[in-house]
Amino acid sequence: MKKKKLKFDPSQVARRQLQEADLNFIWSSWLKSYRSSDFSTSISNDVYFTFHQALINHILLNPTNSATVLVDPEHEDEILGYIVYCTTRPIIHYVYVKNSYRGRGIGMYLFQGIAKHYEQIQGKKKFKIETTHKPKNWAKAKKDLSLVYNPYITGDYATYEKVENG
């Protein structure tokens, strides 16, 4: 018999910004989980791990990007999931939830928290959020949050704006 997953309760987690001690977990989880995506299956391991880690570093080091980490409030080094996003325009680079916590709404909770941030900076409730990856629940997230998949936004927003505006 399949064990029923507990429903997510936001009061059971703490939010915090990314800390240097989190970087190994971020690199490892992002690289391993994205390795099985449609995007990367035909790329050799050497190329994928070398260049994708460089891409992750580029995204994380961009001063207009940030990461929110969900942790166990009693054990702040126990990461449940995280979201990496641009603080100045509606772009989400990556969302990750640990396997044992998936299917409880944690990923959607992270998406919705950032969507509220974007509502404030956009000054409106309806707008598109671009994402550089497709989460597992893409169809639901796309519908609920007006997501648009664009794998080419890597943090060089000035170049992106030139292309976007012609």
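All of the numbers you see were taken from the coordinates with simple rules; none came from a lab. In this text, all values refer to a predicted model and were calculated from it rather than measured experimentally. Note: ideal-geometry Cβ built from the backbone for every residue, glycine included; neighbour counts use all protein chains shown.
Tabulated data
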read-out: Sites Lys143 and Glu78, calculated FRET efficiency, Cβ-Cβ separation with R0 41 Å, nearest 0.05; value: 0.85
read-out: DSSP bridge orientation in the chain - percent antiparallel, rounded to nearest 5; value: 75 percent
read-out: Asp46, Asp144 arranged by Cβ crowding within 10 Å, fewest neighbours leading; value: Asp46, Asp144
read-out: Cross-link pairs Lys98/Lys128; Lys116/Lys142; Lys98/Lys140 - those with Cα-Cα distance over 22 Å; value: Lys98/Lys128
read-out: Taking the chain and dividing mean pair separation by its residue count, relative contact order in percent (alpha carbons under 8 Å, at least six apart); value: 19 percent
read-out: Additional length obtainable on full extension of the chain from Gln19 to Asp38, 0.36 nm per residue less Cα span; value: 3.9 nm
read-out: In the stretch 6-77, trypsin sites (Lys or Arg not before Pro) in a DSSP loop with at most 13 other beta-carbon atoms within 10 Å; value: Lys7
read-out: Assigned charges on the beta-carbon of Lys, Arg, Asp, Glu; the chain dipole about Cα centre (debye); value: 1080 debye
